[in-house]
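Please read the structure below before turning to the comments.
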Amino acid sequence: MNETGSTRAATRSRTRHAILSAAASVLGRDYHANLMDIADAAGVGRTTLHRYFSDRAALIDAAIEDSLEAIEQSVADAAIEQGPPVEAMRRLVAAMAEVGDRLVFLFGDRRVLEGHGTDDPPPSPDDPVITLIKRGQAEGAFDPDASPEWIQRVLWSLVYTAHKDAAACGLPRHGIVPTVIRTFENGIHVRNT
């Protein structure tokens with residue numbers, strides 16, 4: 001591919017990413033938002049949006065796949081298998097906050113995931129977050145009396161709620177990570193008395 005072709009491909013990739021990111025953000029706030037709202041948020045025209053996605057359903061399907069991949073990548077990037085469990089959990093919270101719009105989009109309105117086979121699947125035995133929680137429990141860092149699945153759901157719920165309702169609760173966006181960490185740790189940490 002020549003330089004012009006690679007530049008064009010990079011531009012297409014950036015535009016597609018901007019549209020999908022805007023779709024997750026806009027639809028997470030208002031599932032009934034129209035394509036023009038999404039195009040405006042992405043900084044593109046409606047015609048450009050239609051070059052990438054033929055209709056709203058195609059855009060939503062692509063945004064779901066992209067959001068699931070972004071969340072999976074954020075967990076991988078947090079390298080939660082490394083270091084002490086508490087530090088790994090803090091990195092995970094920071095990584096999840098970075099994709100908070102994606103969480104709100106995917107889980108804020110049940111209609112988003114209807115028919116996508118993602119309705120509360122059983123936890124995978126190799127789920128890295130469950131593995132981290134079990135490691136933290138074994139090392140005495142996390143409450144051993146709570147199930148790992150419960151701790152994981154509480155974590156996702158805190159990140160989701162903080163991201164969705166931060167403004168309504170007077171929490172600035174830069175305050176999400178420390179607030180979630182403090183709230184989460186106060187609930188699962190084993191305290192030495």
> To the nearest 10 degrees, how steeply does helix 85-98 sit against the main Cα axis of the chain, on a 0 to 90 scale?
Replying inline: 20
>> Please list, ordered by chain and number, the residues whose modelled amide H lies under 5 Å from the amide H of Phe142; skip anything fewer than 5 residues away on the same chain.
In response: Gln137, Val190
> In the Gaussian network model of the chain, springs joining C-alpha atoms below 10 Å, which of Asp37, Asp127, Asp109 carries the largest mean-square fluctuation?
Replying inline: Asp127
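What does the helix-only formula give at 222 nm for the chain: each DSSP H stretch with n ≥ 4 adding -39500 (n - 2.57), the total divided by the residues, and the result rounded to the nearest 500 deg cm²/dmol? Mind dumping the intermediate values first?
Working: 9 runs with 128 residues, N = 193.
That calculation yields -21500 deg cm²/dmol at 222 nm.
So if we plug the beta-carbon distance of Arg29 and Thr131 into 1/(1 + (r/R0)^6) with R0 = 25 Å, what FRET efficiency do we get, rounded to 0.05? Present the calculation step by step, with values, prior to reporting the outcome.
Values: r = 33 Å, r/R0 = 1.32.
Calculated value: 0.15.
If exposed trypsin sites (Lys or Arg not before Pro) are those in a DSSP loop with at most 12 other Cβ within 10 Å, what is the longest stretch of the chain that has none? Kindly include the intermediate steps, with their values, before the conclusion.
Numbers: sites that count: Arg110, Arg111, Arg191.
Excluding the exposed sites themselves, the longest stretch runs over 1-109.
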> Picking from Glu114, Glu87, Glu69, which is most flexible by a Gaussian network model of the chain using Cα springs under 10 Å?
Replying inline: Glu114
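Relative to the Cα centre, what is the charge dipole magnitude of the range 1-84, using +1 at the beta carbon of each Lys and Arg, -1 at the beta carbon of each Asp and Glu, and rounding to the nearest 20 debye?
Working: 8 positive and 12 negative charges, 98 e Å.
In debye, rounded to 20, the range 1-84 gives about 480.
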>> Modelling each spin label as a point 7 Å along the Cα-to-Cβ direction, I'd like the Ala146/Thr7 distance in nm, to one decimal.
In response: 5.3
> Asn186 versus Ala168, label points 7 Å from Cα toward the beta carbon: distance in nm?
Replying inline: 2.1
> Picking from His32, His50, His17, which is most flexible by a Gaussian network model of the chain using Cα springs under 10 Å?
Replying inline: His32
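Could you compute how fast the range 1-80 diffuses translationally, taking Rh as the Kirkwood radius over C-alpha pairs and applying Stokes-Einstein at 37 °C with viscosity 0.692 mPa s? Give it in µm² per second. Don't skip to the answer; put the middle values down first.
Values: Rh = 13.5 Å.
Value of D from the Cα-based Kirkwood radius: 244 µm²/s.
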> Under the Karplus relation 6.51 cos²θ - 1.76 cosθ + 1.60, θ = phi - 60°, what is the ordered set of whole-Hz ³J(HN,Hα) values for the range 50-56, x standing for Gly and Pro?
Replying inline: 5, 5, 8, 9, 5, 7, 4
>> If you consider only alpha-carbon coordinates, what radius of gyration and Dmax does the chain have, in Å?
In response: 18.8, 66
> Can you give the angle from 0 to 90° between the axis of helix 176-188 and the longest principal axis of the chain, with both taken from C-alpha atoms, to the nearest 10?
Replying inline: 30
> For the pair Met36 and Val154, what calculated FRET efficiency results from E = 1/(1 + (r/R0)^6), where r is the Cβ-Cβ distance and R0 = 41 Å, to the nearest 0.05?
Replying inline: 0.60
> From the backbone phi of the range 133-144, what are the Karplus-calculated ³J(HN,Hα) couplings (6.51 cos²θ - 1.76 cosθ + 1.60, θ = phi - 60°) in whole Hz, Gly and Pro given as x?
Replying inline: 4, 5, 4, x, 5, 5, 8, x, 8, 10, 4, x
>> Positive end of the dipole of the range 3-188, charges at C-beta (+1 Lys, Arg; -1 Asp, Glu), about the Cα centre: which of Ala88, Leu27, Leu103 has its Cα farthest in that direction?
In response: Leu27
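Using unit Cβ charges (K, R positive; D, E negative) and no other charged atoms, how large, in debye to the nearest 20, is the dipole of the range 3-188 about its Cα centre? Mind showing how you got there, number by number?
Working: 19 positive and 27 negative charges, 142 e Å.
Here the size comes out at about 680 debye.
Relative contact order of the chain: what whole-number percent is it, with Cα pairs under 8 angstrom and at least 6 residues apart? Don't jump to the answer; show the numbers that get you there.
Numbers: 178 pairs, mean separation 37.2, N = 193.
Answer for the chain is 19 percent.
Since every read-out is calculated from the coordinates, none of them should be taken as a lab result. In this text, all values refer to a predicted model and were calculated from it rather than measured experimentally. Counting neighbours? That spans all protein chains shown, and the Cβs are built from the backbone with ideal geometry, glycine included.
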